[in-house]
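Novice: Please find one structure pasted underneath; my questions will follow.
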Amino acid sequence: NRIYSKQYRKENLEKLKEYDKIHHSTPQYKEKVRERRRIKARDKNFRERHAKQMREYRTKNSRKVKVQKMCSYYKLKFFVLQKYSKTTYPSCVCCGEKQIHFLTIDHIKGRTAEEKEFKKKYGVLPGGGRLYQKLKNENFPTGYQTLCFNCNSGKRDHGVCPHEIVKLLLLLNFH
């Protein structure tokens with residue numbers, strides 16, 4: 001029965017979407033949703049019950065939840081890194097590294113005052129998933145670029161990427 005439902009949904013996706021669009025816009029459906037929200041709001045124990053159910057689900061399905069989290073994280077990371085790369089596939093703007101695990105977001109002019117304030121308040125910097133989500137939510141502001149960890153660390157520690165230092169040394173020795 002479950003397999004049939006999945007297959008039916010796959011074959012009739014457009015028809016089902018059209019039905020949902022029509023059905024979800026009816027006043028009866030909207031009233032039903034409002035009523036459900038009012039019931040939940042009046043139910044004092046709903047939040048605790050729901051939180052408990054979610055904890056139990058995550059405990060029972062920890063592997064599945066972990067895989068889902070990891071997939072959504074890498075999907076977001078890929079999307080954000082792609083936006084800040086100069087190529088269609090995410091790559092380091094300095095050395096061209098393409099391995100997604102080695103790539104990160106670099107603040108071109110250093111961290112913003114807002115991020116420094118965040119660190120003072122919470123003790124951590126908004127990096128990784130938080131930073132990717134922030135950039136996506138803010139519609140990919142300028143001032144960021146995709147670098148590999150080596151280039152990013154070199155830039156942080158020496159003010160310039162190691163590849164740039166090598167290029168400068170080669171220029172000085174050969175000219």
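Novice: Can you give the angle from 0 to 90° between the axis of helix 46-60 and the longest principal axis of the chain, with both taken from C-alpha atoms, to the nearest 10?
Specialist: That helix lies at roughly 60 degrees to the long axis.
Novice: Further question: On a 21 Å Cα-Cα criterion, which of the cross-link pairs 75/98; 77/98; 109/134; 52/75 come out too long?
Specialist: 52/75
Novice: Write down the radius of gyration of segment 131-175 and its Dmax, each obtained from C-alpha positions, in Å.
Specialist: Rg then Dmax for segment 131-175, in Å: 15.0, 48.
Novice: Give the angle, between 0 and 90 degrees and rounded to the nearest 10, that separates the Cα long axis of helix 149-158 from the longest principal axis of the Cα atoms of the chain.
Specialist: Approximately 50 degrees, to the nearest ten.
Novice: Could you compute the longest span of the chain free of trypsin sites (Lys or Arg not before Pro) located in DSSP loops and having at most 11 other Cβ atoms within 10 Å, not counting the site residues? Walk me through the numbers on the way to the answer.
Specialist: On the way: sites that count: 44, 86, 109.
Of all site-free stretches, the longest is 110-175.
Novice: If you average 1/r over all unlike Cα pairs in segment 80-132 and invert the result, what Kirkwood radius do you get in angstrom?
Specialist: 12.4
Novice: Which whole-number percent is the relative contact order of segment 1-116 (Cα, under 8 Å, 6+ apart)? It would help to have the intermediate numbers written out before the result.
Specialist: Numbers: 33 pairs, mean separation 9.6, N = 116.
That works out to 8 percent.
Novice: Another question about this same structure. Using the Cα atoms of the chain, I'd like the radius of gyration and the largest Cα-Cα distance, Dmax, both in angstrom.
Specialist: 24.2, 80
Novice: If you look at just the Cα atoms of segment 88-175, how large are its Rg and its Dmax in Å?
Specialist: Final numbers for Rg and Dmax: 15.1, 51 Å.
Novice: How long is segment 1-88 along each principal axis, judged by its Cα atoms, biggest number first, in Å?
Specialist: Projected onto the principal axes, the Cα atoms of segment 1-88 cover 49, 37, 34 Å.
Novice: While we're on this one: Net charge near residue 64: determine it from the other residues with C-beta under 14 Å of the C-beta of residue 64, scoring Lys and Arg +1 and Asp and Glu -1. It would help to have the intermediate numbers written out before the result.
Specialist: Values: positive: 58, 60, 63, 66, 69; negative: 56.
The answer is +4.
Novice: When averaged across all projection directions, what area in nm² does the alpha-carbon convex hull of segment 18-68 cover? Please report the intermediate quantities before stating the final value.
Specialist: On the way: hull surface 21.4 nm².
In nm², the orientation-averaged hull projection of segment 18-68 is 5.4.
No lab work stands behind these numbers, since they all come straight from the coordinates. Since the structure is predicted, the reported quantities are computational estimates derived from the model, not experimental observations. Using ideal geometry, Cβ is built from the backbone for each residue, glycine included, and neighbour counts are taken over all protein chains shown.
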